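Any read-out appearing in this document is the output of simple, stated calculations on the displayed coordinates, not a laboratory observation. Remember, predicted model here, so these are calculated numbers, not experimental data. No Cβ is skipped: glycine too gets one built from the backbone with ideal geometry, and neighbour counts run over all protein chains shown.
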Amino acid sequence: MSRLAATFEELSKTGRKALIPFITAGDPRPDFTLPMMHAMVEAGADVIELGVPFSDPMADGPVIQRASERALDHKMSLRRTLAIATEFRKTNQQTPVVLMGYVHPIEAMGYEDFANAAQRAEIDGVLTVDLPPEEAEECVALLKARDIDPIFLLAPNSSDDRIKKMDTAGSGYIYYVSLKGVTGAGHLDIADVENKLNLIRANTRLPVAIGFGVKDAQTAKTIAGIGDGVVIGSALISKIEANLDDPERAKSEIIELLKSMRQAMDS
Amino acid sequence: MTEKYNMPDERGHFGPYGGMFVAETLMLPIQELNAAYQQYLDDPEFIAELDADLKHYVGRPSPLYHAERWSRELGGAQIYLKREDLNHTGAHKINNTIGQALLAKRMGKTRIIAETGAGQHGVATATVAARLGLECVVYMGAVDVARQSLNVYRMKLLGAKVVAVESGSKTLKDALNEALRDWVTNVDNTFYIIGTVAGPHPYPAMVRDFQAIIGREAKQQCLDQAGRLPDALVACVGGGSNAIGLFYPFIDDSSVKMIGVEAAGDGIETGRHSAPLCAGRPGVLHGNRTYLMEDDDGEIIETHSISAGLDYPGVGPEHAWLKDTGRAEYVNITDTEALEGFHALTRMEGIIPALESSHAMAYTMKLAPTMRKDEIIIVCLSGRGDKDMQTMAQREGIEL
Ligand SMILES: Cc1ncc(COP(=O)(O)O)c(C=O)c1O
């Protein structure tokens, strides 16, 4: 069983939901990421989404755009992101790591070379924002052959047909983008999310993680009541951005926020 | 070529290029757009409205002008200029914005967004939005806002809101990113008018079809005026919309050479250029697979060109396909050469070309002398140079 499947199965046994933090690899500096990943696990993270910085993050709001720019200023790349994941795995065998990014750097490396490198780094899932199932056949086959879960996004305007498509093409979990917009956008409408989740559940048995717009413990708790996992990105990266001269402080603020979310989600 | 050219496939692929590489939220809107486009493509009422607008509002057909003096001076092929500079708003861009705006209206969208580099597409979009009474927001890289301030002012006069994009390299590609972000956020009421043959399917095919009027007219005009088809077509390539507009109706005429001219900036060897077809690699950006300018890690790199409208690291996927199949040839022209083209046309024919179009002029100056006097080149004069007066004056140390 894949690490992701095992994680969601274990959580469902105890009636808990996955806490899934997202940070951009190499932000604000390359040496920040690895200890931050371990610290997030200690604070209660079940899965880590590791952002691969890209020069043109079309689906991201300003906070994650700037995270990408800071990481790229330090020459962070797909290759170096994989190196960080490899290091992480040396001391953590449990926590799934999902790469999240855009397709271009993967194409530049070559699909097969990437799949091999991801396997060597013991990556558990790959979420590529701009690679819908229609264009993903080759990449998905290469990943699945290596037991890496291809994770697809669903949006508020995804039809039932598309949900079924993601169910067939994807594995691990489905990422539900809770609002029409970019990462870090305004506030999400809980009733809308609830309604859509019913439609999604009717068409897939994969766990559903919900993200975009989760900023505080209260929202995390509410969302955890609806989905199988809560993804939190921009709110964490805002802590990095607010403390660029003091990364240690950023780290402790991130831990604090994650702990409060964990607590709220479990209570 | 015996089989008729029939690209793209129904999911927008030109061989390995093109496609629909978008975030999930945009999948529905581009499918809706495609459905609407396919419907109206064959709708006599839509076509009639489009044709009437092109005639009475844009001023089509644009002339095909035999540049006799310049041809004589260069001593080779006869040069004919397809005068897109004479269109309303001064460039070919409006052929496309008229078409897309009519689609937007039919689809019930009330808000128009666009990206722009040189500002020509922004102006052409603001123009049609004003005419149809639609809200209009134009995204423009902060660098371009500074170097094309005249067009920024024009857009504002026309009632558009111009947003200076401060992210990334602050040029056209970043404006496109920001427009996509806007679209994701406002999909329900917003129509995104892309200004070139880039973006996800159906944009590359749709924009081509709206621009193909350039080539259809030119073909008929050439037959009427010279009694035969041209031997070569030359057009500058930013995203590639004026070039594909000229080329497309000639694709099955294998005797007609097609040459796209990319911007070599300071020179291909310096790395400071905007010539993905000449010096890039295939990859995925802005919804399609095509040739891109990138570094070894796959990050898109900054481009350089004297002309804001050519300053783009990608190119329409159909050009990538035409390059690989050899049906079209792609060359490049430096900033310095483009300026020579600019001055040559201005002084020889009394026509001041846009800096983008000047790249096509400069290549024509190289090509014409290698051809016989009874051969014909059609060059797309994609726009007029009014918008570049500031840039030119600045380069020559003159304060306006
Ligand atoms: C006059 C003119 N020509 C050419 C271009 C380049 O665009 P394309 O390659 O799509 O024709 C532009 C773009 O702004 C332009 O303004």
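Phi-derived couplings, Karplus 6.51 cos²θ - 1.76 cosθ + 1.60 at θ = phi - 60°, listed residue by residue for region B:11-20: 9, x, 8, 9, x, x, 9, x, x, 10 Hz, with x used for Gly and Pro. Of the complete DSSP H runs in chain B, those spanning 24 angstrom or more by Cα along the long axis with a mean Kyte-Doolittle score not below -1.0 are B:24-41.
Using alpha-carbon pairs under 8 Å, 6+ residues apart, how would you state the relative contact order of chain A in percent?
22 percent
Across every direction, the projection of the convex hull enclosing the Cα atoms of region A:1-139 has a mean area of 8.7 nm².
Placing unit charges on the Cβ atoms only, positive for Lys and Arg and negative for Asp and Glu, gives region B:300-356 a dipole magnitude near 120 debye about its Cα centre. For B:LYS366, a cut-off of 27 angstrom between C-alpha atoms picks up these lysines, skipping any fewer than 8 places away in its own chain: B:LYS82, B:LYS93, B:LYS219, B:LYS257, B:LYS323, B:LYS387. Taking the square roots of 5 times each eigenvalue of the Cα gyration tensor of region A:109-267, largest first, gives ellipsoid semi-axes of 27, 22, 13 Å. Take every DSSP beta bridge with both residues inside the protein assembly as shown and express the antiparallel ones as a percent of the total, to the nearest 5. Roughly 20 percent of the DSSP beta bridges within the protein assembly as shown come out antiparallel. A straight Cα-to-Cα reach below 17 Å connects A:LYS165 with the lysines A:LYS144, A:LYS196, residues fewer than 8 places away in its own chain not being considered.
Give the calculated FRET efficiency between A:LYS259 and A:ASN116 to the nearest 0.05, with a Förster radius of 41 Å applied to their Cβ-Cβ distance.
0.65
Averaging Cα coordinates gives a centre for region A:28-61 and one for region B:85-136; these two points are 41 Å apart. All distinct Cα pairs of chain B go into the 1/r average, and the inverse of that average, the Kirkwood radius, is 20.7 Å. Projecting label points 7 angstrom from Cα along Cα→Cβ for B:LYS4 and B:GLU49 puts them 2.7 nm apart. The alpha-carbon of A:LYS251 sits under 17 angstrom from the alpha-carbons of these aspartates and glutamates, leaving out residues fewer than 8 places away in its chain: A:ASP27, A:ASP31, A:GLU42, A:GLU49, A:ASP216, A:GLU241. For region A:3-266, the equivalent ellipsoid built from the Cα gyration tensor has semi-axes of 24, 23, 18 Å, listed from largest to smallest. If R0 is taken as 51 Å, the Cβ-Cβ distance between B:ALA35 and A:ALA39 corresponds to a FRET efficiency of 0.55. Largest first and in whole Å, the equivalent-ellipsoid semi-axes of the protein assembly as shown read 48, 24, 23, each the square root of five times a Cα gyration tensor eigenvalue.
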